[in-house]
Amino acid sequence: MSPRRIDSEDPDRLYTVTGGRTAAGREFDLVALVVSEHEPEPGMQSEHAKILRLCQTPVSVVELSADLRLPVTAVMILLGDLLDAGHIVIRHPLKTDPTSHKPTPELLKEVLRGLQHL
């Protein structure tokens, strides 16, 4: 099995990108949408600027990780920086009560009958 790209990633680069931090100050849902509130500023870290350009339309955290070719943890650290600076907004997915959308036993029986007739 060939090594994954991340396994061969230069650890010095990741250390530099995250400023030596190994954990995000907060956790973001992987499907949370990130939206830029500002344009990149001169002198801004290149990864921060790229995130702001990519997030002109809503982009999920996991998509940013793929686009930047960085581990999700590193992206969360960068997003925390941008959020603290007021450069982005995070739109978290709605949390719903899982019991509120349970199908009724009658509906399940009808589905089962329909499948048996196929």
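The values are calculated or read from the model by the stated rules, or taken from the named source; none is laboratory data. On a predicted model such as this, the values are computed, not experimentally measured, just so you know. Heads up, the Cβs are rebuilt from the backbone with ideal geometry, glycines too, and the neighbour counts pull from every protein chain shown.
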Unmet requirement for Val62, which otherwise passes all of (1) outside any helix (DSSP H, G or I); (2) modelled with pLDDT of 80 or more; (3) surrounded by 11 or more Cβ atoms within 10 Å (Cβ to Cβ): (1)
Filter pass, Glu47 being on the phi < 0 side of the Ramachandran plot, at pLDDT 90 or above and in contact with a Gly (Cβ under 8 Å, 6 or more places away or on another chain): no
Segment 38-47, residues that are farther than 16 Å from Leu64 by Cα and either buried (at least 17 other Cβ atoms within 10 Å of the Cβ) or charged (D, E, K, R) (or both): Glu39, Glu41, Met44
So Thr73, is it among the polar types (S, T, N, Q), more than 16 Å from Pro93 (Cα to Cα), in a helix (DSSP H, G or I) and free of Cβ contacts under 8 Å to residues at least 60 places away in the same chain: yes
Qualifying positions in segment 1-42 - farther than 22 Å from Ala85 by Cα and either at pLDDT 70 or above or of a type in the set (D, E, K, R) (or both): Arg4, Arg5, Asp7, Glu9, Asp10, Asp12, Arg13
Subset of segment 65-118 (residues that are exposed (fewer than 11 other Cβ atoms within 10 Å of the Cβ) and of a type in the set (S, T, N, Q)): Thr96, Thr99, Ser100, Thr104, Gln116
Residues (closer than 11 Å to Phe28 by Cβ and of a type in the set (Val, Ile, Thr)) located in segment 45-81: Val61, Val62, Val72, Thr73, Val75, Ile77
